[in-house]
Structures are given as structure tokens and as C-alpha cells.
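Read-outs: derived from the displayed coordinates by stated rules, not from any lab. All of these numbers come straight from a predicted model, not from anything done at the bench. So basically every Cβ, Gly included, is an ideal-geometry build from the backbone, and we count neighbours across all protein chains shown.
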Amino acid sequence: MTFDADHLAPVTLGTTVLGKRESANPELADALLASPFPQIDTSNVYAAGQSEKLLGDAIGRAGGLPAGKTVFSKVDQHPETGRFDGDRVLRSFEETLERLRLDRLPLLHLHDPYTITFAEAMAPGGAVEALTRLRDEGAVDAIGIAAGTRELVERYVSSDAFDAVLTHNRYTLVDRSAERILQLAAERDMAVFNAAPFGGGILAGSQTRGATYGYRPASPELLAFIERLHTTAADLGVDLTAAALQFSLREPRIHSTVVGIYSLERLQDLPRLTETQITEEFWSAVGELGTPPPSPND
Ligand SMILES: NC(=O)c1ccc[n+]([C@@H]2O[C@H](COP(=O)([O-])OP(=O)(O)OC[C@H]3O[C@@H](n4cnc5c(N)ncnc54)[C@H](OP(=O)(O)O)[C@@H]3O)[C@@H](O)[C@H]2O)c1
């Protein structure tokens, strides 16, 4: 099997919080696996490994990964020491396979490599060499870079070492700062995952993360811009949550949008969000709101 960006499903289910909230975790993991959305995004570090473990338990209950389902994961730094060299990458991948009860993965990302420099990651014995070896040996079909620091992501993408990139909170109704990442990735025929189309929840009206955008406090200017978006949507009878998702879905350089789904209710609501018709009038009105204020992530 080879990894083919053009055959990715437009929506990937994100599981950062799976295992962090107390209610219905096994039920949610079963439902994520049984849902019509074929791709699930997790990571070695999410909920201290519980996200992968809950998915693996669900895979076990299902008698194996259901046909057509794929799970993407990420290698992470050592949780206590921050070590993130080639050996840590291999160990992280072993932990992931064990928890997920799988023997290989279609895609494995280098996740948030903030404890090492770019040079260290690319050096012999470093994280990228180990990931490349896993791909060469057939343990994974493709390798990606998944992170939030724009310049760092651009650098990893430009290295030509990766097949995929996951950027988050940088291509939304109120943030276009992934523009160069999208351009660099398109030039290299890389698969692009755009995560957090709701900026962590605020664009969907979720109060879970409070008045934050991209996990950081939103400035008064950004909150005012988001308020204007809500008013525009309400005036035109548009569901802003659906529009926030579809803003990402309609961008041709993005292959799949990773949406955080942390309850059965949100999962059940997801098909509606993808199917709701958003009028051209709304997209024009968004354009007329002008350039969004700077993101708290830049
Ligand atoms: N470095 C990385 O690799 C990286 C970084 C960030 C994200 N990601 C991936 O991307 C995924 C998504 O990121 P994210 O969860 O931070 O951001 P997000 O998808 O922008 O926002 C998720 C939040 O949106 C809310 N939401 C979802 N569906 C909704 C609906 N129908 N109506 C109202 N609110 C709704 C949920 O609120 P409630 O909590 O109220 O349900 C949820 O907490 C993650 O799970 C992860 O897989 C990866």
C-alpha cells in the first residue's frame, strides 16, 4: 500500500482530548471507529497515551481495524526528559503500535519537535533519519511533520524529507498564516492536513477552551472580528460552525481537515456540518470583513 494524498477523505477525526474527559471514552472510541469518517488522527502524547490506548481497545473490540479505516499517529519527545533523537522516535513508534494493536501505520508524523533544533532533527542519528528508515523498511507508508510554529513547519516542509504536513489553527475563517506552508507543500506534492478549523472551538461557539484561539488567549481585536463573523452569519442565516469547517474543505491545496471530536454528540453532528450549503453571498461577506487581526500564534 502506498500513501496517496489524492485519496484522502476530506475530514479526519481528531482525538487530542480522547481519554482526558471522564465520560463515555470507550463508547466514543468505538463510535469514532464505526463512523463514516475513515481517518482518525492521534499521537503518542495525547492524553498521556490514553488516546491511542482507547483507540487500540476499540480496535480490539472490533476484531481488528475495520476495512477502510486508517489511523494516523505521531512520534513524540520523551515525556520526562524531552529527548527526541532517532532512538526516541523508534521507541515512540513501538509504543504507538502496541497501544493501537496494529503492526504498521499508513502515516507517522514528527510531532511538535520543540525540544530539538532543526539541525539536530536532520543530523545522522536524529529523528528524521529514524522516520525515513521506518518508511524505507515499510513500517509506515509515509512520514509527516505536524506542528504549530509557522517558520519551523516551513523549514521542515522545505527540507523535502516529508510526504505530509499537518498545520493547525493557521488556515481558518480568522487566520490565513498557513499560506506559505500550503504553497510550499503544493510545490512538493505533499499531503496537507489542516487541523483545528474551529481555532480550538471558538469559531464553533464552543466554550470549552474559553476565549482562546489556537489554545492562547484571543486579543480583543480578534474577539471583535469573531463577533462580526457571528453577526454576518446570523444576518445571512448561515451556520458559522459549518462555514468554519467548509472554509477549510473548499481550499484545494488542503487534502484533509482534522476536526476535534470529543463527544458522541459532536460526532453525530459532523455529517450535517459537511453537508450544509453555504452561500456564495456569505463567502463574499467574509471577504468584505477584511484582513483578520494578527493571530495569537504569530
Ligand atoms: N501539532 C499537532 O499535530 C496538532 C495540533 C492541534 C490539533 N491537532 C489535531 O487536530 C484536531 C483538532 O484540533 P482541536 O480539537 O484543537 O481544534 P478544533 O477542531 O478547531 O476545535 C475542536 C473543538 O470544536 C468544538 N466542536 C466540534 N464540533 C462542534 C460542533 N458540531 N458544534 C460546536 N462545537 C464543535 C468542540 O467543542 P467541545 O469541546 O465543546 O465539544 C471541540 O473542542 C486535534 O484533535 C488533533 O487531532 C494536531
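The slack in the chain from D4 to T231, taken as 0.36 nm per residue of separation less the alpha-carbon distance, amounts to 77.7 nm. If you wrap the Cα atoms of segment 31-153 in a convex hull and average its projected area over all directions, you get 7.6 nm². Rounded to 0.05, the FRET efficiency of the R101 and M122 pair, given R0 = 41 Å and the Cβ-Cβ distance, is 0.80. Looking at segment 60-165, the GluC sites (Glu not before Pro) that sit in a DSSP loop and have at most 14 other Cβ atoms within 10 Å of their own Cβ are E80, E137. Mean projected area of the Cα convex hull of the chain, taken over all directions, amounts to 14.6 nm².
Across segment 11-17, rounded Karplus estimates of 3J(HN,Hα) from the backbone phi angles (6.51 cos²θ - 1.76 cosθ + 1.60, θ = phi - 60°) give 10, 10, 7, x, 10, 3, 8 Hz, Gly and Pro being marked x. Put in line by how crowded their Cβ is, counting other Cβ atoms within 10 Å and starting with the fewest, M190, M122 read M122, M190. Counting Lys and Arg as +1 and Asp and Glu as -1 over every other residue whose Cβ lies under 15 Å from the Cβ of S284, the net charge comes to -2. Neighbour counts of C-beta atoms inside 10 Å place L18, L249 in the sequence L249, L18, starting with the fewest. Local charge for G199 was computed over the other residues whose Cβ lies under 12 Å away, with Lys and Arg +1 and Asp and Glu -1, and equals +2. In the chain, taking the dipole from charged Cβ atoms about the Cα centre, the farthest positive-side position among F37, P113, L97 is held by L97.
Entry note, the chain: the mean residue ellipticity at 222 nm calculated from DSSP H runs of n ≥ 4, each adding -39500 (n - 2.57), is -12000 deg cm²/dmol after division by the residues and rounding to the nearest 500.
Calculated FRET efficiency, T132 and A186, Cβ-Cβ r, R0 22 Å, to nearest 0.05? E(calc), rounded to 0.05, equals 0.50. Residues whose amide H lies under 5 Å from that of D141, counting only those 5 or more places away or on a different chain, are L105, L107; hydrogens are built 1.01 Å from N in the peptide plane. In order along segment 126-133, the Karplus-derived 3J(HN,Hα) couplings, from 6.51 cos²θ - 1.76 cosθ + 1.60 at θ = phi - 60°, round to x, 4, 6, 4, 5, 4, 4, 5 Hz, and Gly and Pro are given as x.
Cβ crowding within 10 Å, taken as a proxy for footprinting-reagent exposure, orders D6, D141, D269, D41 from fewest neighbours to most as D6, D269, D141, D41. Extension gain for D87-R216 works out to 43.2 nm (0.36 nm per residue, less the C-alpha to C-alpha distance).
Compared with the direct C-alpha span, the chain from R209 to A48 gains 56.0 nm at full extension, assuming 0.36 nm per residue.
Taking 8 Å as the Cα distance limit and 6 or more residues as the minimum spacing, I'd like the relative contact order of the chain as a percentage. Relative contact order for the chain comes out at 18 percent.
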